[in-house]
Amino acid sequence: DAFYTKSEATITRGDFIRLQDIRIGYILPSGQCRKLGIKQANFYLYANNLGILWRANPYGIDPDAVFYGGLPSPRSWSVGMQVGL
């Protein structure tokens with residue numbers, strides 16, 4: 001039993017492709033900024049840890065979750081605005 005538990009037969013592939021960070025932004029045109037009395041404005045949407053796109057193992061195992069204590073990493077979303085006066 002000890003030989004089997006330490007053999008390659010108990011190892012599965014850990015290859016994966018994860019969608020980790022996405023930021024989508026919009027810069028307000030300078031003409032509209034002048035009408036509002038500001039120099040610049042930037043609006044953005046940021047998403048983190050959206051999920052796994054592909055994994056090599058057939059068991060649905062998340063390699064990062066196994067490494068960090070079994071809990072999947074949480075998704076996070078942010079919406080923001082940056083204004084230059």
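Out of (1) surrounded by 10 or more Cβ atoms within 10 Å (Cβ to Cβ); (2) farther than 24 Å from V79 by Cβ; (3) in contact with a helix residue (DSSP H, G or I) (Cβ under 8 Å, 6 or more places away or on another chain), what's the single condition that is false for R13?
(3)
Out of the residues in segment 18-38 that are among the β-branched types (V, I, T) and under 16 Å from the mean Cα position of the chain (by Cα), which is nearest to S73 (Cα to Cα)? I'd like the intermediate steps shown before the answer.
So the first thing to find is which residues in segment 18-38 are among the β-branched types (V, I, T), and the list is 22, 24, 27, 38.
The next check asks that each one be under 16 Å from the mean Cα position of the chain (by Cα); those that pass are 22, 24.
Numbers: I22: 16, I24: 21 Å.
Here the answer is I22.
Table: residues versus (1) under 13 Å from the mean Cα position of the chain (by Cα); (2) small (G, A, S).
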{"position": "K6", "(1), (2)": "no, no"}
{"position": "F16", "(1), (2)": "no, no"}
{"position": "A41", "(1), (2)": "no, yes"}
{"position": "W54", "(1), (2)": "no, no"}
{"position": "G70", "(1), (2)": "no, yes"}
{"position": "S76", "(1), (2)": "yes, yes"}
{"position": "G84", "(1), (2)": "no, yes"}
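Which one of these is among the small types (G, A, S), within 30 Å of L85 (Cβ to Cβ), touching a Leu at 6+ places or on another chain (Cβ under 9 Å) and free of Cβ contacts under 8 Å to residues at least 12 places away in the same chain: G37, G31?
On the way: G31 fails: touching a Leu at 6+ places or on another chain (Cβ under 9 Å).
Only one candidate passes the filter, namely G37.
Can you name the residue in segment 63-81 that is among the aliphatic types (A, V, I, L, M) and touching a residue at least 24 places away in the same chain (Cβ under 8 Å) and is also surrounded by the most Cβ atoms within 10 Å (Cβ to Cβ) among such residues?
Checking each candidate, the answer is M81.
Under 6 Å between Cβ atoms, at least 6 apart or on separate chains: pull out the pairs that start in segment 4-21 with a residue that is polar (S, T, N, Q) and end on any residue that is surrounded by 10 or more Cβ atoms within 10 Å (Cβ to Cβ) and at pLDDT 80 or above.
T12/N57
Results for (1) open to solvent by 60 Å² or more (accessible area, probe 1.4 Å); (2) out of contact with any Phe, Trp or Tyr (no Cβ under 6 Å at 6 or more places or on another chain), shown as yes or no for each residue.
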residue	(1), (2)
I17	yes, no
D21	yes, yes
G25	no, no
Q32	yes, yes
G37	yes, yes
N49	no, yes
L53	yes, yes
I61	yes, yes
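The values are calculated or read from the model by the stated rules, or taken from the named source; none is laboratory data. Because the structure is predicted, anything quoted here is derived from the model rather than measured. As a convention, Cβ positions derive from the backbone with ideal geometry for all residues, glycine included, and neighbour counts pool all protein chains shown. Just the protein is used for accessible areas: all its heavy atoms, side chains included, with ligands, DNA and RNA removed. Shrake-Rupley method; radii C 1.70, N 1.55, O 1.52, S 1.80 Å.
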